[in-house]
Structures are given as structure tokens and as C-alpha cells.
1. Just to confirm a number: summing +1 for Lys and Arg and -1 for Asp and Glu over residues other than residue 86 whose beta-carbon lies under 13 angstrom from that of residue 86, what do you get?
2. What's the FRET efficiency of residue 63 with residue 156 using the Cβ-Cβ distance as r and R₀ = 30 Å, to the nearest 0.05?
3. Between residue 108 and residue 45, what is the spin-label point distance in nm, taking each point 7 Å from the Cα along the Cα→C-beta axis?
4. Using the Cβ atoms and a cut-off under 11 Å, what net charge is assigned to the surroundings of residue 128, where Lys and Arg are +1 and Asp and Glu are -1?
5. Could you derive backbone 3J(HN,Hα) for the stretch 72-86 from the dihedral phi with the Karplus parameters 6.51, -1.76 and 1.60 (θ = phi - 60°), listing whole Hz in sequence and x where the residue is Gly or Pro?
6. Among residues other than residue 109 whose Cβ falls under 14 Å from its Cβ, what is the net charge (Lys/Arg +1, Asp/Glu -1)?
7. In whole Å and largest first, what semi-axes does the C-alpha gyration tensor of the chain yield when each eigenvalue is scaled by 5 and square-rooted?
8. Which value, in debye to the nearest 20, gives the size of the charge dipole of the chain about its Cα centre, when Lys and Arg are +1 and Asp and Glu are -1 at the Cβ?
Amino acid sequence: MGNKITSFSEGQLEAYQDCTFFAKKDILRVFGRFQELDPNRVPYNIKTEECAHIKLPVEMIETIPELKENPFRRRICEVFSDDGTGNMSFDDFLNMFSVFSEAASRDIKATYAFQIYDYDCDNYLGKKDLENTLVALTQNSLTSEEVDFIVDKVLEETDLDDDGMLSYSEFEHVISRAPEFISTFHIRI
């Protein structure tokens, strides 16, 4: 890259450190990744107020190697963008990388995973949310009967209060029994 990012003051870097799981060098590395996506739109010497206002389109964000092959790439972008469109500011982009970092706790990862799977944003994982999740995971390779069968089985085994949907606490209970969750809900910078 060669160019130095000079617009982040020590105070701003410290503020980013306080609200992420990153050291200063990691924050600068994530900024470099964001800036490289569209150098014409994102200046090397970005001003503090621009970090939340210059947004890159979701189609551009989806091309980063960490998301490109992920079946949930669009939902991930929508959940981490402050307006739900998937278009991201640097602040959104940094938050996404922070939550997916190794240092983020299981609780934080579970909260965001739940939001990603909650397609209709009603704070429950209903049958339609689970269908959308399953279709994404299997890349639409199952018949509708197979999807219905699997979703019914998932609800049968995990819906503790038998209301036909998963609350966050029921989802969290499932996640707590999945030791591989932390290692799979992860991207490196």
C-alpha cells in the first residue's frame, strides 16, 4: 500500500479499540481492506465524520474473499449495515470483522448469528426463517418436502415452549451445545 493513514488520531484509534476486539494495527488493516474496495470513494486520509457516512454498496462488500463463498453473505451485510440495506460504512465494516474475530465472545457471536437467521426481523426464528436458512445452507438442493421435514424436526427438537418458533434463548441453548459454533462463526483479517 505504501500510503500512510494519517487521519485516524490516537484518540480515534483508542475509541475503535474500546468498541471492538482489535488492536490499533488490526483496525488499520481493516481500514486498508475497506479502502482497497473503492479507492476513489474512500480516501486514505479519511476524516472521522466520514467513517460513518461514506458507504460502499453491498455488491462490493460481498466480493471480499471472507464473504464471497458464504451463502449468508447478503444477510451478513444487511445485519451489520446500520440501515439494513447491506451498504456499509467503515464503522459497519469494522464492526462486522470485530464480531467475526477470534476474540469476540460466544454470546456476541450468538446474538449476531440469530439476527442473520432472523430474515423477517421479528426476533424469533419462525418456520420461514428456518426454511430460508436451510435453503441457503444447502444451496437450494433440497426439495420443498425435504425442507419441510427438516424444519419440522429442528423445531421438534429445539422449540422448548412449543410455540412453533425459536426465541433467542432457545437458539442460545442450541448454540451452547455446539462446540464448533465459535470456530465456524469466524473470519480472519
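The values are calculated or read from the model by the stated rules, or taken from the named source; none is laboratory data. Here the structure is a predicted model, which is why all the values come from computation and not from measurement. Glycine gets a Cβ as well: all are built from the backbone with ideal geometry, and neighbour counts include every protein chain shown. Keep in mind that these areas ignore ligands, DNA and RNA; they rest on the heavy atoms of the full protein, side chains included. Shrake-Rupley method; radii C 1.70, N 1.55, O 1.52, S 1.80 Å.
1. On the way: positive: 55, 73, 74, 75; negative: 59, 62, 78, 82, 83, 92.
Here the count lands on -2.
2. On the way: r = 39 Å, r/R0 = 1.29.
Given R0 = 30 Å and the Cβ-Cβ separation, E is 0.20.
3. 3.2 nm
4. Numbers: positive: 127; negative: 118, 120, 122, 129, 131.
Result for the neighbourhood of residue 128: -4.
5. With coefficients 6.51, -1.76 and 1.60, one gets 9, 3, 5, 5, 4, 4, 5, 5, 8, 7, 5, 10, x, 7, x Hz.
6. On the way: positive: 106; negative: 102, 107, 172, 180.
Local charge sum for residue 109: -3.
7. On the way: eigenvalues 243, 60, 36 Å².
Here the semi-axes work out to 35, 17, 13 Å.
8. Values: 19 positive and 37 negative charges, 271 e Å.
Here the chain has a charge dipole of around 1300 debye.
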